[in-house]
Amino acid sequence: MAKKSVEKNEQMEKIVALCKRKGFVFPACEIYGGFANAYSYGPYGAELKNNIKRLWWKKFVDGREDMVGLDGPILLHPKLWEASGHLGGFNDAMIDCKNCKMRYRADNLISEVLGIDLEGKLDEMTKTISEKIKCPNCGKQDWTEARFFNMMFKTEMNGIDEPVYLRPETAGAIFVDFKNVVDSCRVKVPFGIGQIGKAFRNEIVARNFIFRVREFEQMEIEYFISPEAEWEPMFDRWLETQEEFARELGAKPEDLKRYEHPKEKLSHYSRKTVDIEYNFPFGFSELFGLAHRGDFDLSQHQKFSGTNLEYLDQASGKKYLPHVLEPTFGVDRCVLMALSAAYAEEEVGEGDVRTVLKFPPAIAPIKVAVFPLLKNKPELVAKAREIFDDLRGEIKCEFDDNGNVGKRYRRQDEIGTPYCVTVDFDTLETGEVTVRGRDTMQQEKVKVEELKNWVKEKIS
Ligand code: ATP
């Protein structure tokens, strides 16, 4: 099969179109003209996303003795955001074009147009943009001042006098329950708490499809270690495990790279921060992050809450505030990465091109599709239904009797189904079905009674 080369920016358009056409991702509230560059996950997208989250939980929580899980609230005590620094410092700089009213994130505009990094320096950003940059939308050079904007969504709660915020990251809920977890579960440092959940950021510009949205999901870990521990090897292991997870979702090693934040740009409490970047259709951008946050979070929450959060090391009798390594993962960016890594166009005959999503089977929304060869032969339909009913209790399957088998293969290729099973007249005589593999397009015969185990083995 010849791979057709698809230009990167063309690839993004094709992925967005396929997502809509095949029910992976829809623009939110489309019947009302769309809303805020937000998206809904359609039936196959929801499966894909859930499979990614399940795989993560299995790898990072169930699969490890040193990890436990948590599911904290989205609306948390407002004091928490004061303690964490989000209320005072979770700001991005924005700037508006006075002519066309287009709004930009000032630091991004500068780095994209001039390739320099002025993050955090408001006056310099205003000066640089007014002197050197034309509005990419209308071409005029007439700007407002750059100004900071807090990215937390504010809301109200009955009985609470002050504003309440939608959490901008899931981590806060972990820190405030650190003591509860230590007191209720038999965890010993080093150990971690993992959590999956929604986070909300009032991004100045939501863009690049589901890469940057205002409501998204994170999978975060706070890994608590002794302040005296040799942390570098642990940090490196976390990075390797994060990259391994990306590869399990289909990323090619050459599409992953690390970006270490320069020392002078680190927060005062961080010893090291590394982003794991993926080569998205729009270029390398942050997929995951890993930060050494010292004891900043626990000590801030201890200070602001007045509750002692020290950990008692039973073996040494010493009390201390653990330090923390924070591996963090964006679910929506994982979905986009999985789609980008899986997307392929292949020439399968003279002028005949198939679009295929080559997902690793573990994350494919549908694992098996079952077809009767002919729709109008009740004995074939009945047998195919029987096989489908037997599989679907344990394996995510789809039944399809519409159109010719070639078309049905193409439909399943486009949603990334690893195997298609066809029931034909031979099946009724020999008890064998034809199984066609998505990637090889090869067919093989499998006995009906062995089919379920055969599939399970292939997709595990
Ligand atoms: P960026 O620099 O791209 O804004 P960040 O460094 O602010 O990201 P973190 O605060 O480290 O991101 O958040 C952890 C993870 O959450 C990121 O690695 C990313 O996968 C995801 N994430 C952050 N912001 C968004 C967003 N607006 N939309 C989708 N995912 C996001």
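Please work out if Ala28 is hydrophobic (A, V, I, L, M, F, W, C) and within 18 Å of Phe216 (Cβ to Cβ).
So Ala28 passes the test.
Out of Phe216, Phe153, Phe209, Phe200, I need the residue that is buried (at least 22 other Cβ atoms within 10 Å of the Cβ) and either under 30 Å from Phe282 (Cβ atoms) or assigned by TED's automatic domain parsing to the domain that holds Val331 (or both). Which one?
Unique residue meeting the criteria: Phe209.
Considering only the range 169-181, how many residues are more than 16 Å from the ligand (Cβ to nearest atom) and either assigned to a helix (DSSP H, G or I) or buried (at least 20 other Cβ atoms within 10 Å of the Cβ) (or both)?
Residues meeting the conditions: 5.
Taking Ile363 as meeting all but one of (1) of a type in the set (Val, Ile, Thr); (2) touching a strand residue (DSSP E or B) at 6+ places or on another chain (Cβ under 9 Å); (3) closer than 30 Å to Asp389 by Cα, write down the number of the exception.
It fails just one condition, (2).
Show me the strands (runs of 3 or more DSSP E) entirely contained within the range 404-460 in which 3 or more residues are loosely packed, with under 14 Cβ neighbours inside 10 Å. So that I can check it myself, show each step before the final result.
Values: elements: 419-423, 432-437, 443-447.
Strands (runs of 3 or more DSSP E) meeting the threshold: 443-447.
Within the range 280-296, identify whether any single residue is farther than 30 Å from Arg436 by Cα, away from the ligand (no atom under 16 Å from the Cβ) and not charged (D, E, K, R), and answer yes or no.
Yes, the conditions are met somewhere in the range 280-296.
Can you list the strands (runs of 3 or more DSSP E) found entirely within the range 51-123 that contain at least 3 residues being in contact with a helix residue (DSSP H, G or I) (Cβ under 7 Å, 6 or more places away or on another chain)?
67-70, 91-96
How many of the residues making up the range 325-360 are in contact with a Gly (Cβ under 9 Å, 6 or more places away or on another chain) and either away from the ligand (no atom under 16 Å from the Cβ) or free of Cβ contacts under 8 Å to residues at least 40 places away in the same chain (or both)?
Counting residues in the range 325-360 that are in contact with a Gly (Cβ under 9 Å, 6 or more places away or on another chain) and either away from the ligand (no atom under 16 Å from the Cβ) or free of Cβ contacts under 8 Å to residues at least 40 places away in the same chain (or both) gives 6.
Out of everything in the range 60-71 that is closer than 29 Å to Met157 by Cβ, within 19 Å of the chain's Cα centre (by Cα) and of a type outside the set (Asp, Glu), what residue ends up being surrounded by the fewest Cβ atoms within 10 Å (Cβ to Cβ)? Working first, answer last.
Initial filter on the range 60-71 (closer than 29 Å to Met157 by Cβ): 68-71.
Pick out the ones that are also within 19 Å of the chain's Cα centre (by Cα) and you get 69-71.
This time we only want the ones that are of a type outside the set (Asp, Glu), so: 69-70.
Working: Gly69: 15, Leu70: 19.
Once the filter is applied, the top-ranked residue is Gly69.
The values are calculated or read from the model by the stated rules, or taken from the named source; none is laboratory data. All of these numbers come straight from a predicted model, not from anything done at the bench. No Cβ is skipped: glycine too gets one built from the backbone with ideal geometry, and neighbour counts run over all protein chains shown.
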